[in-house]
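So the structure is just underneath, and the comments pick up after that.
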Amino acid sequence: RRSRMLLNILLLLVILLVVRGIARLVRWFLLWLGRGRRLDGAVDMRRINQDAVRADIEAENAAAGVERLTRAQQAEVIAAQLMDRELFLADLHVGWYQVVILFVIGSMAGLVLEELWMLITAGLTQSRVGLVWGPFSPLYGFGAVLLTLVSFGLRERGARDWQVFLASLALGGALEQLTGWGMQTLFSAESWTYAHLPDHITQWVAWRFLVAWGLLGLVWAKLIMPEALYRIGSPTTRRQVVFVVLLAAYLALDILMTVACFQRRAERDAGIPPLNAFEAWVDVHYTDEFMSNRFQNLVVGREL
């Protein structure tokens, strides 16, 4: 027992060190992206007030021989940061740059949260990815993007909380219905079903999850979305633009490849042979066994 406990402690320390190393690597990479050749006219307007307030406070403390900021001074810096955020969002026009990054963050964060939820509630440890390459679940990515576009638009119009709730509820229900119907109709695949729930509306929509979408939209609009857009910012260097363009191209290719793999899986179940060299290559490299192992929560083809 002691050796097992010691092994678990060592494993936890290793995991913490790995996470810390990854965090440092990501921080260094983001700083590297921001040091490239600057775009014409690009100015980062996100830290003007907070930097000015912090500089004034630090100058006062230095003159008084004080090193640390007091709680009141920290509150002043936070208030200046919130002011910077509101000024930035007031001038922001959400475009492809923010959309691509939000899609990646939403796809990865949603996948992690879903797998943790299934582990806690059902004790299941299974791959719940939605694309053939990378740790992405596009349903959450599209949800994050659509919630952002809708809530940001409602924010600009001064919408009330109940309006944000209803809009998010309708958006989430439409996204689940369209995705579930499309998967079954086009690829004979099913990732989830609410048919067994007493409050289901359709096979892929249930009242409890509509309410969850509405509440998620409220939290997103009030807490997550403003800070996420503020942190993402707008591109100021050519490196940032090139990186996000390459990221978008990779995601587009990943989505197209996933569609091709599911299409061939459905056609193989129907006994349709490959019609060209690409489809033959897909059949060799993305077999039924690969698809089952990769998408462990899916019921596909004859299984459905």
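The values are calculated or read from the model by the stated rules, or taken from the named source; none is laboratory data. Keep in mind it's a predicted model, so treat the numbers as computed, not measured. Note that we place each Cβ from the backbone using ideal geometry, even for glycine, and neighbour counts take in every protein chain shown. Areas reflect the complete protein model, heavy atoms only, side chains present, ligands, DNA and RNA absent. Shrake-Rupley method; radii C 1.70, N 1.55, O 1.52, S 1.80 Å.
Just a few scattered comments:
- √(5λ) per eigenvalue of the Cα gyration tensor, the stretch 188-275, largest first, Å: 34, 30, 5
- The residues of the chain present an accessible area of 62 Å² per residue when probed at 1.4 Å with all protein chains retained.
- Along its three principal directions, the equivalent ellipsoid of the stretch 41-99 from the Cα gyration tensor extends over semi-axes of 30, 11, 8 Å, largest first.
- Computed FRET value (nearest 0.05) for Asp40 with Thr185, which takes r as the C-beta separation and R₀ as 45 Å: 0.45
- Under the convention that each Lys and Arg Cβ holds +1 and each Asp and Glu Cβ holds -1, the size of the dipole of the stretch 156-304 around its Cα centre is about 620 debye.
- Cα convex hull volume per residue for the stretch 154-304 (Å³): 159
- Charge dipole of the chain (Cα centre as origin; +1 on each Lys and Arg Cβ, -1 on each Asp and Glu Cβ, all else neutral): 840 debye, rounded to the nearest 20.
- Along its principal axes, the stretch 65-112 has C-alpha extents of 47, 31, 14 angstrom, given from the largest down.
- Note, ³J(HN,Hα) from phi for the stretch 27-33, Karplus 6.51, -1.76, 1.60, rounded to Hz, x at Gly and Pro: 4, 5, 5, 5, 5, 5, 4
- Estimated vicinal HN-Hα couplings, Hz - the stretch 239-248 in sequence order (Karplus 6.51, -1.76, 1.60; Gly, Pro = x): 4, 4, 5, 4, 4, 6, 4, 5, 5, 5
- Between the listed residues Gly141, Ser127, Ala62, the Cα displaced farthest toward the positive end of the dipole of the chain, a dipole computed from Cβ unit charges relative to the Cα centre, is found at Ala62.
- Were the residues from Ala280 through Ala174 laid out at 0.36 nm apart, the gain over their Cα-Cα distance would be 34.6 nm.
- Distant-in-sequence amide H partners of Ala206 (H built 1.01 Å from N, under 5 Å): Ile201
- The listed residues Thr179, Thr121, Thr148 rank as Thr121, Thr179, Thr148 when sorted by accessible area, largest first, using a 1.4 Å probe.
- Heavy-atom accessible area order for Trp133, Trp213, Trp32, largest first, 1.4 Å probe: Trp32, Trp133, Trp213
- Degrees between helix 207-219 axis and first principal axis of the chain (Cα, 0 to 90, nearest 10): 20
- The stretch 233-304: radius of gyration and largest Cα-Cα distance (Dmax), Å: 16.8, 52
- Ligands, DNA and RNA left out, the accessible area of the chain computed with a 1.4 Å probe is 66% carbon and sulfur.
- Ratio of the Cα radius of gyration of the stretch 97-211 to 2.2 N^0.38 Å, where N counts its residues: 1.13
- Positive end of the dipole of the stretch 220-304 (Cβ unit charges, origin at the Cα centre): among Ala266, Ile232, Leu253, the Cα lying farthest that way belongs to Ile232.
- Here the stretch 9-74 was treated as a single set of alpha-carbon atoms; its pair distances binned every 10 Å from 0 give 16, 23, 26, 29, 7, 0 percent.
- Eigen-decomposition of the gyration tensor built on the alpha-carbon atoms of the chain gives equivalent ellipsoid semi-axes of 41, 25, 23 angstrom, largest listed first.
- Remark: spin-label model distance Asn8-Phe29 equals 3.3 nm, labels positioned 7 Å along the Cα→Cβ axis.
- Take the Cβ atoms of Trp133 and Glu60, set R0 to 51 Å, and the FRET efficiency comes out at 0.45.
- Dipole of the stretch 1-74 [Lys/Arg +1, Asp/Glu -1 at C-beta], most positive-end residue of Leu33, Ala23, Leu7: Leu7
- Of Thr125, Thr236, Thr287, the order by accessible heavy-atom surface (1.4 Å probe, DNA, RNA and ligands excluded), from most exposed downward, is Thr125, Thr287, Thr236.
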